[in-house]
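Before any comments, here is the structure.
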């Protein structure tokens, strides 16, 4: 079969067909940046649009990734909301995060302070001061949009550029402190609902802006990382909404006609949450899911969640950082054998690839998919 | 007090921890003290064992990482320990543990949970916080004559800092004098084995390892 272009390969695989080979799209954003600009480049990572776009182009054009994501990190929305509300979070800009900042200092006896320091939102009065973020104005959101726009233009539609959007629970955990947030969800629902409302409005505006910036391709617009994870949120509808705001998802799907990529950022087995994942099928059969776990878990998820597209799940730390290239090759072969037949599969990491992953391990993924990932799979 | 009555109160306290009832747990602790159960017994039987059982339940059925019940349960346990603290008789700790999250990493939830679990088990924990300068780990181990150095690491670049701390321990000629325990998503059992470190992926797992280190049960 003749070699396909990335978008064609992804499109066929997404529809349940078998393209020339298994698509590969590691979550390489920070890793690529570190390769090009040094391991200590974290200070300006996501603050320098041009460098960030260059890193994205490099991973698609030079490394051979079929897609890339330009979403941002876990604090980006919390920072933007904090700035919009006139109470900037200490890490709003990483260059302000100096060794003198009080948040770096000794925190005292853990028995005397609630976990996770001194959050911005502690009371319902604090929550009342929160204002939704404007993606064109606040925090690093405008830079994300600019990067998506520029990367799309330079890649000329040949590779998929995805965005991202943090779940409410992730953003709320930063604004309120995780423990305090869960306590509020249980004991002080109005406080949580006020915070969640601002996060959902901010997320909607950010998703809309990412779509306007050209994010998407294959009907996939944004990642929704789930921080409570695949299983735990089942226990409580408040957590479930915080983790999976289906009303927001429905609105995005209806208004923009696009599917959603979700990322259950889970460690270990996730199949207990399968029934909950199936609820996604009622909303959008076009969702895709990237996750951790083992190859057997992923193969089962693919069967159970048809027609969703599944990606994963090379272990970012245990394998990609601490493993050898031959370990990586063996893991890729197992995933290709178990998950790739019949399409609907993108070879990927279980989460972002850490910046200290050896380049030879990343290269091993690409080499293995080129060697063993040709359809029809014959290993 | 009869054994049955004591068991009933301890079970009630454990239940409030399992349910993450941050208000009720300290109330039950006070009730237990008023009923005549010693602070030491409550710390061991209700809180330390309660934490281990909570993690066991979550690990088996849901999952530990990022689980709201774990956050709230550990917070409930922390509030119980606060109630017990003034009632504990002066005692020699099981061991001294210096614990922190290395420089460059601001994640501290897991480290604090480990600190709470170790304290509940009877260890003295010298908690350094998050984003801790690497040399501070060495100074504190020396200053406190700690037998265990526990490093919590979440940021994916954190393992390089662990390697640096190990180097610094060698330079200070202290590597043989302290057991080093690591945990967090940055590290794995494989990484720990490579450097001869102890590895735990839960707070109660850290307690088990710490007890083994000091020759306890």
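The values are calculated or read from the model by the stated rules, or taken from the named source; none is laboratory data. Remember, predicted model here, so these are calculated numbers, not experimental data. Neighbour counts run over all protein chains shown; Cβ positions are idealised from the backbone, glycine included.
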Just to check your reading of the model, which residue among B:69, B:59 is under 21 Å from residue A:179 (Cβ atoms), within 14 Å of chain A (Cβ to nearest Cβ) and crowded, with 20+ Cβ neighbours inside 10 Å? B:69
When every residue in the range B:32-45 that is part of a helix (DSSP H, G or I) and touching a helix residue (DSSP H, G or I) at 6+ places or on another chain (Cβ under 7 Å) is compared, the one surrounded by the fewest Cβ atoms within 10 Å (Cβ to Cβ) is B:33
If you go through A:151, A:127, A:147, the only one that is under 30 Å from residue B:26 (Cβ atoms), outside any loop (DSSP other than H, G, I, E, B) and at pLDDT 90 or above is A:127
Within the range B:107-146, can you find the residues that are within 18 Å of the chain's Cα centre (by Cα), surrounded by fewer than 20 Cβ atoms within 10 Å (Cβ to Cβ) and in a loop (DSSP other than H, G, I, E, B)? B:107
Scan the range B:112-132 for residues that are touching a strand residue (DSSP E or B) at 6+ places or on another chain (Cβ under 6 Å) and more than 7 Å from chain A (Cβ to nearest Cβ) and jot them down. B:118, B:123, B:124, B:125, B:126, B:132
Let me confirm something: among B:151, B:109, B:138, B:165, which residue is away from chain A (no Cβ under 13 Å) and under 28 Å from residue B:44 (Cβ atoms)? B:151
Those residues that are at pLDDT 90 or above and either closer than 14 Å to residue A:316 by Cα or within 14 Å of chain A (Cβ to nearest Cβ) (or both), I need them from the range B:168-191; list them, please. B:182, B:183
Could you identify the single residue in A:58, A:31 that is more than 23 Å from residue A:224 (Cα to Cα) and in a helix (DSSP H, G or I)? A:58
Looking at (1) within 13 Å of chain A (Cβ to nearest Cβ); (2) in contact (Cβ under 8 Å) with a residue 12 or more places away in the chain; (3) over 20 Å from the mean Cα position of the chain (by Cα); (4) assigned to a helix (DSSP H, G or I), can you tell me which one residue B:156 breaks? (4)
For the list (1) more than 30 Å from residue A:255 (Cβ to Cβ); (2) modelled with pLDDT of 85 or more; (3) surrounded by 17 or more Cβ atoms within 10 Å (Cβ to Cβ), I need the number of the one condition that residue A:292 fails. (2)
Select from the range A:233-245 the residues that are under 11 Å from residue A:200 (Cβ atoms) and either part of a helix (DSSP H, G or I) or free of Cβ contacts under 8 Å to residues at least 60 places away in the same chain (or both) and list them in ascending order. A:241, A:242
Residues being free of Cβ contacts under 8 Å to residues at least 60 places away in the same chain and over 11 Å from residue A:213 (Cα atoms): count how many of those fall in the range A:128-169. 4
Failed condition for residue A:84, given (1) touching a strand residue (DSSP E or B) at 6+ places or on another chain (Cβ under 8 Å); (2) at pLDDT 90 or above: (1)
Candidate set from the range B:83-104 (those that are within 11 Å of another protein chain (Cβ to nearest Cβ) and within 30 Å of residue A:75 (Cβ to Cβ)); member that is surrounded by the fewest Cβ atoms within 10 Å (Cβ to Cβ): B:104
Being touching a strand residue (DSSP E or B) at 6+ places or on another chain (Cβ under 6 Å) and buried (at least 20 other Cβ atoms within 10 Å of the Cβ), is that true of even one residue in the range A:43-56? yes
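Restricting attention to the range A:339-355, does a residue exist that is within 25 Å of residue A:34 (Cβ to Cβ), surrounded by fewer than 17 Cβ atoms within 10 Å (Cβ to Cβ) and within 14 Å of chain B (Cβ to nearest Cβ)?
Step one: filter the range A:339-355 for residues within 25 Å of residue A:34 (Cβ to Cβ), giving A:346-355.
Then keep just the ones that are surrounded by fewer than 17 Cβ atoms within 10 Å (Cβ to Cβ); that gives none.
Within the range A:339-355, none of the residues are within 25 Å of residue A:34 (Cβ to Cβ), surrounded by fewer than 17 Cβ atoms within 10 Å (Cβ to Cβ) and within 14 Å of chain B (Cβ to nearest Cβ).
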The number of residues in the range A:1-31 that are over 18 Å from residue A:68 (Cα atoms) and under 20 Å from the mean Cα position of the chain (by Cα) is 0
Those residues of the range B:72-82 that are at the interface with chain A (Cβ under 7 Å from one of its Cβ atoms) and either more than 13 Å from the chain's Cα centre (by Cα) or outside any helix (DSSP H, G or I) (or both) come to a total of 2
May I ask you to verify whether residue A:347 is touching a helix residue (DSSP H, G or I) at 6+ places or on another chain (Cβ under 8 Å), touching a residue at least 12 places away in the same chain (Cβ under 8 Å) and more than 25 Å from residue A:1 (Cα to Cα)? no
